[in-house]
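Enquirer: Starting off with a structure, shown below.
The values are calculated or read from the model by the stated rules, or taken from the named source; none is laboratory data. Fair warning: this is a prediction, and the values are worked out from it, not measured in the lab. Methodologically, a virtual Cβ is constructed for each residue, glycine included, from the backbone with ideal geometry; neighbour enumeration extends over all protein chains shown.
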Amino acid sequence: MVSLYLPIVKFILALKLEFSKPQRNHLFTLVHGIILCAGRKNMTQIRNAARQDCHLSSMTSFLNHAPWCVNRMQRRRMQFVMDKIRAKRAKSGDSRQLVFLIVDDTCCKKEPSTKKMEALSFQYSHEAGKSVWCHCVVTDHVVSEGSSYAWDFRPYYREEYCNEHRLSFKSKNDLAL
């Protein structure tokens, strides 16, 4: 069994999510397993990377049926970030509201032979300097007092994909707002 990385545990506990102890342990296992698992991931690999003894079905049941809300978790994480920034600025004696918001679109490149993964498309990658077969994610980061925090992230789908799957199309700029 891998010992849990204390800053991650403290961060999850600071969010004050309304989980039972077993649910909280599943969340710890998932987060640590995702971080420790190299390459492509599935639930078995995540559980094995975290070296937890819990049964695979209880982890998948936690994801599928536990009474948790992604939006609530996101709001609490965002509030945690803003509280950290305020505390750091107050400690340095600076009362100005100086915060930067950085918006970026990131390509999660896949091999061109990958065909069965949903929502893949060719997107321009600034890193590669050309179009690549990938998922595209629009991310926001908040930067203040030498600290950077992930703020929000949303998948970008091409207009054709949205029309095909009856989703409302949003440009990368729309997703950034």
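Enquirer: Of all residues in the stretch 1-19, which are among the small types (Gly, Ala, Ser) and at pLDDT below 85?
Expert: Here is the first cut: in the stretch 1-19, the ones among the small types (Gly, Ala, Ser) are 3, 14.
Scanning the stretch 1-19 gives a single hit, Ser3.
Enquirer: Applying the selection to the stretch 83-98, what residues are within 17 Å of Phe11 (Cα to Cα), of a type outside the set (D, E, K, R) and without any contact (Cβ under 8 Å) to a residue 24 or more places away in the chain? Step through it out loud before you land on a result.
Expert: Taking the stretch 83-98 as the starting set, the residues that turn out to be within 17 Å of Phe11 (Cα to Cα) are 83-88.
Applying the additional criterion that residues be of a type outside the set (D, E, K, R) yields 85, 87.
Hit for the stretch 83-98 is Ala87, nothing else.
Enquirer: Moving to a separate point now. State yes or no: is Val103 surrounded by 15 or more Cβ atoms within 10 Å (Cβ to Cβ) and within 18 Å of the chain's Cα centre (by Cα)?
Expert: Values: surrounded by 15 or more Cβ atoms within 10 Å (Cβ to Cβ): yes; within 18 Å of the chain's Cα centre (by Cα): yes.
Considered against the rule, which asks whether it is surrounded by 15 or more Cβ atoms within 10 Å (Cβ to Cβ) and within 18 Å of the chain's Cα centre (by Cα), Val103 comes out as yes.
Enquirer: When you scan the stretch 1-15, do you find a residue that is in contact (Cβ under 8 Å) with a residue 12 or more places away in the chain, among the small types (Gly, Ala, Ser), assigned to a helix (DSSP H, G or I) and loosely packed, with under 15 Cβ neighbours inside 10 Å, even just one? Write out each step before concluding.
Expert: Pass one, the stretch 1-15, residues in contact (Cβ under 8 Å) with a residue 12 or more places away in the chain: 1-2, 4-5, 8-9, 11-12, 14-15.
Still in the running and among the small types (Gly, Ala, Ser): 14.
Then keep just the ones that are assigned to a helix (DSSP H, G or I); that gives 14.
Keeping just the survivors that are loosely packed, with under 15 Cβ neighbours inside 10 Å gives 14.
Looking through the stretch 1-15, at least one residue is in contact (Cβ under 8 Å) with a residue 12 or more places away in the chain, among the small types (Gly, Ala, Ser), assigned to a helix (DSSP H, G or I) and loosely packed, with under 15 Cβ neighbours inside 10 Å.
Enquirer: For the stretch 31-61, give me each residue that is assigned to a loop (DSSP other than H, G, I, E, B), at pLDDT 80 or above and surrounded by 14 or more Cβ atoms within 10 Å (Cβ to Cβ).
Expert: Cys37
Enquirer: When you scan the stretch 136-162, how many residues do you find that are over 26 Å from Phe100 (Cα atoms) and surrounded by 12 or more Cβ atoms within 10 Å (Cβ to Cβ)? Spell out how you get there, then give the answer.
Expert: Initially, the stretch 136-162 is screened for residues over 26 Å from Phe100 (Cα atoms), giving 157-162.
Narrowing the set further to residues that are surrounded by 12 or more Cβ atoms within 10 Å (Cβ to Cβ) leaves 157-158, 161-162.
Result for the stretch 136-162: 4.
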